[in-house]
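The values are calculated or read from the model by the stated rules, or taken from the named source; none is laboratory data. Remember, predicted model here, so these are calculated numbers, not experimental data. Quick reminder, even Gly has a Cβ in these numbers, built from the backbone with ideal geometry, and neighbours come from all protein chains shown. Keep in mind that these areas ignore ligands, DNA and RNA; they rest on the heavy atoms of the full protein, side chains included. Shrake-Rupley method; radii C 1.70, N 1.55, O 1.52, S 1.80 Å.
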Amino acid sequence: MTSEPEQQIGVGTQDAFQRLWTPHRMAYIQGENKPTGPGADDGCPFCSIPAKSDEDGLILQRGEQVYAVLNLYPYTGGHLMVVPYRHVADYTDLTDSETAELAGLTKQAMTALRRASGAHGFNIGMNQGTVAGAGIAAHLHQHIVPRWGGDTNFMPVVGHTKVLPQLLGDTRKMLAETWPPSAGPGTPSPSGV
């Protein structure tokens, strides 16, 4: 299916590309909500989120030592993170019990994402340090990004734009409702919806 290019006034040189403007991304690009330093009292959002309600903080699950929260600047719908409450920068700084709870919450997150959205696969990982791509390097956080067959298309690759089909509050509610129960002693219990 071909169509004539639509001229969009005010976008520079006409080049036959349509543009999907995402001005909300400027907050992330300009560093809004980023800490002013490496300390927990330097405006770390991962330290302040747990003081909020689940809905206001986009929290999906609260454990004893870690919590799961939606990413405010997601790569795809359902992109979430598992974060220790303790302000530590490096994976090797976690205690054995924090590491175990982080792993358990990751498994629960994958189960919830499969139930809620039918995710076909996942990208799971941590960026350790600013040079490795960590947006907030001073507070460890593990990304869990659901993926679907065919979801890598021209929008993120060519358009540098993420198309999200759902508001974050709606995604939080959907995932919280499908979150699996804890697996046993020392693992997190379901968060309130």
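What the table shows:
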{"item": "Listed peptides 136-143, 83-90 by packing density, highest first (mean Cβ within 10 Å)", "result": "136-143, 83-90"}
{"item": "Placed amide H near Y67: partners under 5 Å, 5+ positions off or other chain", "result": "V83, Y85"}
{"item": "Table column - 3J(HN,Hα) (Hz), region 74-90, Karplus curve with 6.51, -1.76, 1.60, x for Gly and Pro", "result": "x, 7, 9, x, x, 4, 10, 9, 10, 10, x, 5, 6, 7, 10, 9, 10"}
{"item": "Test item: Cα-centred dipole of region 92-147, Lys/Arg +1 and Asp/Glu -1 on Cβ, debye", "result": "440"}
{"item": "Carbon + sulfur, % of accessible area of region 23-136 - ligands and nucleic acids excluded, 1.4 Å", "result": "54"}
{"item": "Order of exposure, largest accessible area first, which applies to R147, R114 with probe 1.4 Å", "result": "R114, R147"}
{"item": "Relative contact order of region 76-145, defined on C-alpha pairs under 8 angstrom at six or more residues apart (%)", "result": "50"}
{"item": "Karplus-derived 3J(HN,Hα), 6.51/-1.76/1.60, for each residue of region 39-55, Hz, glycine and proline x", "result": "x, 4, 8, 9, x, 5, x, 5, 7, 8, 4, x, 6, 8, 5, 4, 5"}
{"item": "Calculated on alpha-carbon atoms, Rg and Dmax of region 84-128 in Å", "result": "12.5, 34"}
{"item": "J(HN,Hα) series, region 106-115, from Karplus relation 6.51 cos²θ - 1.76 cosθ + 1.60, nearest Hz, glycine and proline x", "result": "5, 4, 5, 4, 4, 4, 4, 5, 5, 5"}
{"item": "Sequence of R172, R62 from largest to smallest accessible area, 1.4 Å probe", "result": "R62, R172"}
